[in-house]
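Presented below is the structure to which this report refers.
The values are calculated or read from the model by the stated rules, or taken from the named source; none is laboratory data. Quick caveat, the model's predicted, so the values are computed rather than measured. All Cβ positions, glycine included, derive from the backbone under ideal geometry; neighbour counts span all protein chains shown. Just the protein is used for accessible areas: all its heavy atoms, side chains included, with ligands, DNA and RNA removed. Shrake-Rupley method; radii C 1.70, N 1.55, O 1.52, S 1.80 Å.
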Amino acid sequence: MNSENLMKLTAQAADDKKAQDIVVLNMQGVSPIADYFVICHANSDRQVQAIAKEIKDKAEEQQIHVKRMEGYDEGRWVLIDLGDVVAHVFHRDERDYYNLERLWGDAPIEFVQLAAE
């Protein structure tokens, strides 16, 4: 699976679990860390965990190796490293504080069409 399709799968998995304000940053040419950052938030620790688990499960269903998942137990900021795509699932308060969209402001925002339920 190429990085664009993996990014779409990740964003769709987050949307399926009612993630809010999903933003995709195209990191190609901006950072060697990943091709895309998928950033979203939820209003509770449990929902943060549910979104992160859905992303992990959907990736594994496609035989995508999850390199690392950090912060799951706390449910405040979960980072899911899928290689070419890194998902950041925040609790709303942490998203406002860390403001990755501003930090990586030179990365263009990618429009992603998500399937309706």
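When ARG46 is tested against (1) under 20 Å from PHE111 (Cβ atoms); (2) touching a Gly at 6+ places or on another chain (Cβ under 8 Å), only condition (1) is not met.
Tell me, which residue of segment 43-65 that is among the basic types (Lys, Arg) and within 17 Å of ASP84 (Cα to Cα) is surrounded by the fewest Cβ atoms within 10 Å (Cβ to Cβ)? For segment 43-65, the residue satisfying everything is LYS58. Pairing residues of segment 1-16 that are closer than 13 Å to GLN63 by Cα with residues that are part of a helix (DSSP H, G or I) and open to solvent by less than 60 Å² (accessible area, probe 1.4 Å), at Cβ distances under 6 Å and at least 6 apart in sequence or on separate chains, gives no pairs at all.
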